Amino acid sequence: MEGCLDVVVSRAVLYKGGMVSKGWLKAGNVLPAVAAESLEQLIAIVAQNMAEVGGIDPERVSQAFRRATAGENFSLGSGVAIPHTEDPGLEETLVCLVTTAAPLPLLTLDGRAPDIFLFILSKPDPHAHLVLLAHWARLAQSRTFLEGLRRSATPDEVLALVDAAELRHRAHAGAASPRASHDLVLISVSGEK
């Protein structure tokens, strides 16, 4: 039929109460109360951590995160930042959760300098990268969770908080409506003249 529109709706769930793999954050990649005075210094510390844990060149990690933090688009607000990038040479995504002893003076969405950083160096899998970003953004909505991270002195304390927050979100996911806010709906329109 000429002039008709064919509308195709497909639904892809990016986050459903913990679709990220259970071991996405390891104790060796949790660095609480880091004494860094600048973003460059923090990137060097994270690069060394990822190099030791992931067996990759620390300079490669540093360069990737310097590029990822060149703009202002890695701040979530509330003192949280997510420097993230993909590395085509990786087979596994590397994540490092860092709290700093003092907030770093960086431009942010809400003017609050960040003191919680989730560094993500992702394998070339955009879906997994987005799922992890969405997962962290959802966890970071809780002020109680963020304040707990800021007070944590050990990786085990941080992991316990992350586990508790994930359990809380999984419990709420079962009560979500079929069209929840964390679903991605793609509408493709074709045939328009």
Answer yes or no as to whether E2 is more than 20 Å from A134 (Cβ to Cβ) and modelled with pLDDT of 50 or more. no
Criterion first (modelled with pLDDT under 95, in contact with a Leu (Cβ under 6 Å, 6 or more places away or on another chain), under 25 Å from A36 (Cβ atoms) and part of a helix (DSSP H, G or I)) does A134 satisfy it? no
Just to be sure, is L106 within 15 Å of the chain's Cα centre (by Cα) and open to solvent by 10 Å² or more (accessible area, probe 1.4 Å)? no
Elements of type strands (runs of 3 or more DSSP E) in the range 23-103, at least 1 residues being small (G, A, S), surrounded by fewer than 20 Cβ atoms within 10 Å (Cβ to Cβ) and in contact (Cβ under 8 Å) with a residue 24 or more places away in the chain: 30-34, 75-77
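Residue-wise test of (1) closer than 25 Å to Q48 by Cα; (2) modelled with pLDDT under 90; (3) in contact with an Asp or Glu (Cβ under 8 Å, 6 or more places away or on another chain).
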site	(1), (2), (3)
G79	yes, no, yes
T93	yes, no, yes
L97	yes, no, no
L121	yes, no, yes
L130	yes, no, no
D163	no, no, no
E166	no, no, no
A176	no, yes, no
V185	no, yes, no
Exactly one of L130, L139 is within 16 Å of the chain's Cα centre (by Cα) and either open to solvent by less than 20 Å² (accessible area, probe 1.4 Å) or small (G, A, S) (or both), and that one is L139
What are the residue pairs meeting all of these: first residue in the range 147-170, first residue farther than 19 Å from P103 by Cα, second residue aromatic (F, W, Y) and in a helix (DSSP H, G or I), Cβ atoms under 9 Å, and 6 or more apart or on different chains? L161/F145; V162/F145; A164/F145; A165/F145; R168/F145
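The values are calculated or read from the model by the stated rules, or taken from the named source; none is laboratory data. These numbers come from a predicted model, not from an experiment. Reconstructed Cβ throughout: ideal geometry from the backbone, glycine too, with neighbour counts over all protein chains shown. Surface areas here come from the heavy atoms of the whole protein model, side chains and all, with no ligands, DNA or RNA. Shrake-Rupley method; radii C 1.70, N 1.55, O 1.52, S 1.80 Å.
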